[in-house]
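Working notes for the structure below.
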Amino acid sequence: AGTVVTVSGAKGGVGATLAAVQLALAAQASGRTVAVLDLDLQSGDVASYLDVQFRRSVVDLAAITDITPRVLQDAVYTHESGIGLLLAPAEGERGEEVTDRVARQILGSLRARYDVVVVDCGAYVTAASAAAVELADHALLLLTPDVVAVRAAKRMVRLWDRLQIRKAEETLTVVNRHGKGAEIQPSLVERVTGTRVARTTVPAAFKELQAAVDAGRVQDLDSRSSVKQALWGLAGELGIVDEEAAGGAAGRR
């Protein structure tokens, strides 16, 4: 069975989708088979970040009781990078069709076919995203080093605990847009949230990202980008790619 990594945002706009996509690209570059599942069902942006137009989505699997490899293949878009994409619906209201049962079935099917499955869960807990976080081998919670985001992360961790989805100590918090001069450092985040904090922090360097994000081609992000290097390093920390392979692949792309 493949490894499932969920990426959730403590609140909107903290960079969860970019992180999910770059983790997937890192794993793919090291020779793993990789799928990205967009469970940000009302406002998923994986397709926008990767310049994809595809009419099928995760909703097309909602009414199917037996997801065969052929059925899954028809719903998955194979990106130019080699990553399989199972996208969020264009009509956000249809996201309600993806229940926890559907999410579990889809994840099981993806896990059977791919080495690594990265799930973008967005910043809102739905039945589907809750099921994914519960099943995940690695549950990541992204936040930025500011009071509002840290408080949001603490609320999310407590919500997951109350719903018996994931314990705080089983959650890996990732600090995005981190700066050495920031008042809120990873050690404080760890104390406030009760989670483990990733060794890898992602620097604040939006200028590096702007051209690739605006073009909708984050797969073309320059290998010299400190953000890309950090996220590919995080992939190594998670064990979804060999750290040496990740470093070499980042240098080649």
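A few notes on this one:
- Whole-number percent relative contact order across region 160-230, with pairs defined as alpha carbons under 8 Å at least 6 apart: 29 percent
- Region 170-187 versus region 120-165: alpha-carbon centroid distance in Å: 16 Å
- Of the residues VAL192, VAL125, ILE165, the one whose Cα sits farthest toward the positive end of the charge dipole of region 116-246, with +1 on the Cβ of Lys and Arg and -1 on the Cβ of Asp and Glu, is VAL192.
- The chain: Cα Rg divided by the 2.2 N^0.38 Å rule of thumb: 0.94
- Cα-based shape type of region 108-253, given that a ≥ b ≥ c are square roots of the gyration tensor eigenvalues and the cut on a/c is 1.5: oblate
- Mean sequence separation of contacting Cα pairs (under 8 Å, at least six apart), scaled by the length of region 83-227, corresponds to a relative contact order of 17 percent.
- Once all protein chains are placed together, ILE106 keeps about 0 Å² accessible to a 1.4 angstrom probe.
- When only Cα pairs below 8 angstrom with a gap of at least 6 residues are kept, the chain shows a relative contact order of 26 percent.
- SER226 contributes an accessible area of around 40 Å² to the protein surface, as traced by a 1.4 Å probe with all chains present.
- Basic side chains Lys and Arg get +1 at the Cβ, acidic Asp and Glu get -1 at the Cβ, and with that the dipole of the chain about its Cα centre reaches some 540 debye.
The values are calculated or read from the model by the stated rules, or taken from the named source; none is laboratory data. The shown structure was predicted, so the numbers you read here are calculated from the model rather than taken from an experiment. So basically every Cβ, Gly included, is an ideal-geometry build from the backbone, and we count neighbours across all protein chains shown. The area values use the complete protein model at the heavy-atom level, side chains included, leaving out ligands, DNA and RNA. Shrake-Rupley method; radii C 1.70, N 1.55, O 1.52, S 1.80 Å.
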